[in-house]
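The next block holds one structure in the form of structure tokens; read it before the comments.
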Amino acid sequence: MSCDLLTLATPGVATLEPYQPGKPVEELQRELGLKDIVKLASNENPLGPGERAMEVLRRPKEIARYPDGNGFKLKARLAKYHGMSADRITLGNGSNEILELITRAIIQPHHEVVFSDHAFAVYPLVTQAVGAKPVVVQAKDWAHDSEAMAAAVTANTRLMFVANPNNPTGTWLKCNELTRLLETVPDHVIVVVDEAYFDYAVLPDYPDCSTWLDIYPNLLVTRTFSKAYGLAALRIGYSLSHPEIADLLNRVRQPFNVNAVALAAAEVSIDDRKHIKKSIQANQDGMNLLTSAFDEMGLPYLPSAGNFVCVDLQRPGREIFNQLLRKGVIVRPVDNYGMPNHIRVTIGIEHENKKFIAALKKVLAS
Ligand SMILES: *Cc1c(COP(=O)(O)O)cnc(C)c1O
């Protein structure tokens with residue numbers, strides 16, 4: 001009987017596989033009875049939120065009241081930070097919501113949505129949910145092939161997702177590659193540049209395309225408070241775009257899509273540059289520790305601009321993932337991203353990184 005209810009799904013939803021989140025620590029504790037568990041599976045900031053955000057979070061909020069549905073104060077703060085008018089900013093329940101809003105606002109079933117192979121899982125998800133055609137462009141050395149992506153655009157294309165850097169690969173498009181792509185793509189295609197890891201991506205050739213909105217009106221840049229800002233549980237992100245794109249997003253979002261606690265914490269976090277600096281340093285130290293260990297173990301890995309790294313174990317990653325679980329280390333298998341021999345590990349704090357390396361050595365030796 002209940003099976004019949006599944007036939008009610010729209011064609012896109014009928015074949016949709018839900019997003020697989022990283023395993024929660026409590027679940028593993030329950031399952032294996034382990035006490036000491038490290039979670040390096042969802043690219044959160046291992047340092048947590050900054051002190052300013054913590055202060056705000058300790059103060060009571062007006063929980064009985066609806067939040068400011070327009071996020072006036074946070075948008076004003078962000079507008080100042082980015083040096084642009086507030087009508088270019090849209091707040092989302094995580095930046096994932098923005099990815100969904102733009103898709104719902106402009107995509108019809110006969111439209112095509114372009115993204116790369118091995119790209120962030122939410123792109124195919126939102127595309128399929130509206131019944132549109134995903135156009136998956138073959139990757140080059142696991143990274144986005146910007147020229148092939150531009151070439152994949154047709155008269156039916158309305159949307160392109162570019163993860164910069166990409167999750168799970170950590171690869172990124174350089175400034176000249178991204179400008180060439182934006183120059184090539186016609187104006188009827190909205191190009192979403194997903195900059196979830198922007199603050200971690202401190203590389204000389206890494207582009208800050210939030211400053212290009214005047215040149216490319218079809219550009220939509222997404223940022224999040226979930227990663228370097230350490231507020232993943234609060235669910236808050238935002239986009240920067242032409243005011244008319246912001247207008248479209250505003251039409252389809254829920255009236256109170258961002259909660260009051262998230263708004264308050266994000267407001268003080270954006271100016272807490274000390275915490276971001278500290279987080280970047282911790283990330284670079286951890287990245288060096290992990291990649292040196294991989295070098296020593298003879299394991300190839302992808303260069304990463306994020307707070308995570310994909311390592312090639314040269315054998316099925318899911319098996320190693322399961323064995324690491326039993327040693328109290330949660331990483332991310334990426335076979336569902338077409339990467340069966342890799343695992344993705346989030347950079348943790350020192351003792352977490354060391355515990356992971358020790359566990360990996362043991363597992364690989366057994
Ligand atoms: C983590 C991540 C996001 C952010 O998701 P939120 O909804 O803001 O928590 C977006 N894009 C990519 C590529 C990510 O890895």
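See the values below:
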quantity: Residue in the stretch 295-309 that is in contact with a Pro (Cβ under 9 Å, 6 or more places away or on another chain), more than 16 Å from the ligand (Cβ to nearest atom) and touching a residue at least 40 places away in the same chain (Cβ under 8 Å) present; calculated: no
quantity: Top-ranked residue of the stretch 80-98 - restricted to ones that are away from the ligand (no atom under 16 Å from the Cβ) and in contact (Cβ under 8 Å) with a residue 60 or more places away in the chain, ranked as surrounded by the fewest Cβ atoms within 10 Å (Cβ to Cβ); calculated: Ser85
quantity: Count - residues of the stretch 217-241 that are farther than 27 Å from Ile349 by Cα, away from the ligand (no atom under 11 Å from the Cβ) and buried (at least 21 other Cβ atoms within 10 Å of the Cβ); calculated: 5
quantity: Qualifying residue in the stretch 193-208 (condition: out of contact with any helix residue (DSSP H, G or I) (no Cβ under 8 Å at 6 or more places or on another chain), within 21 Å of Gly48 (Cβ to Cβ), more than 11 Å from the ligand (Cβ to nearest atom) and in contact (Cβ under 8 Å) with a residue 12 or more places away in the chain); calculated: yes
quantity: Pair list, Cβ under 9 Å, 6 or more apart: the stretch 159-186 residue within 16 Å of Tyr337 (Cβ to Cβ), other residue more than 16 Å from the ligand (Cβ to nearest atom) and among the aromatic types (Phe, Trp, Tyr); calculated: Gly170/Tyr301
quantity: Residue within the stretch 242-264 that is within 16 Å of the ligand (Cβ to nearest atom), modelled with pLDDT of 95 or more, assigned by TED's automatic domain parsing to the domain that holds Ala163 and in contact with a Phe, Trp or Tyr (Cβ under 7 Å, 6 or more places away or on another chain) present; calculated: no
quantity: Ala64 vs. criteria away from the ligand (no atom under 16 Å from the Cβ) and either assigned to a loop (DSSP other than H, G, I, E, B) or outside the structural domain of Leu231 (by TED's automatic domain parsing) (or both); calculated: yes
quantity: Failed condition for Arg77, given (1) within 22 Å of the chain's Cα centre (by Cα); (2) buried (at least 18 other Cβ atoms within 10 Å of the Cβ); (3) not hydroxyl-bearing (Ser, Thr, Tyr); calculated: (1)
quantity: Residues within the stretch 167-207 that are in a loop (DSSP other than H, G, I, E, B) and out of contact with any Gly (no Cβ under 8 Å at 6 or more places or on another chain), tallied; calculated: 18
quantity: Residue in the stretch 106-119 that is closer than 16 Å to Pro255 by Cα and out of contact with any helix residue (DSSP H, G or I) (no Cβ under 8 Å at 6 or more places or on another chain) present; calculated: no
quantity: Selection count, the stretch 101-130, where residues are within 12 Å of the ligand (Cβ to nearest atom) and of a type in the set (Ser, Thr, Tyr); calculated: 2
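Yes/no matrix, rows are residues, columns are (1) of a type outside the set (Asp, Glu); (2) over 26 Å from Pro217 (Cβ atoms):
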position	(1), (2)
Arg52	yes, yes
Arg65	yes, yes
Asp68	no, yes
Ala76	yes, no
Ala79	yes, no
Met84	yes, no
Thr90	yes, no
Asn96	yes, no
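Results for (1) at pLDDT 95 or above; (2) assigned to a helix (DSSP H, G or I); (3) outside the structural domain of Arg326 (by TED's automatic domain parsing), shown as yes or no for each residue.
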position	(1), (2), (3)
Asp36	no, no, no
Leu74	yes, yes, yes
Arg77	yes, yes, yes
Lys80	yes, yes, yes
Asp87	yes, yes, yes
Ile102	yes, yes, yes
Pro109	yes, no, yes
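So that you can scan it fast, the table gives a plain yes or no per residue for (1) closer than 17 Å to Val309 by Cβ; (2) more than 16 Å from the ligand (Cβ to nearest atom); (3) in the same structural domain as Val136 (by TED's automatic domain parsing); (4) touching an Asp or Glu at 6+ places or on another chain (Cβ under 9 Å):
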site: Leu159; (1), (2), (3), (4): no, no, yes, yes
site: Val162; (1), (2), (3), (4): no, no, yes, yes
site: Thr169; (1), (2), (3), (4): yes, no, yes, no
site: Trp172; (1), (2), (3), (4): yes, no, yes, yes
site: Glu177; (1), (2), (3), (4): no, yes, yes, yes
site: Thr184; (1), (2), (3), (4): no, yes, yes, yes
site: Asp187; (1), (2), (3), (4): no, yes, yes, no
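The values are calculated or read from the model by the stated rules, or taken from the named source; none is laboratory data. What you see is a predicted model, and the numbers here were worked out from it, not measured in a lab. Reconstructed Cβ throughout: ideal geometry from the backbone, glycine too, with neighbour counts over all protein chains shown.
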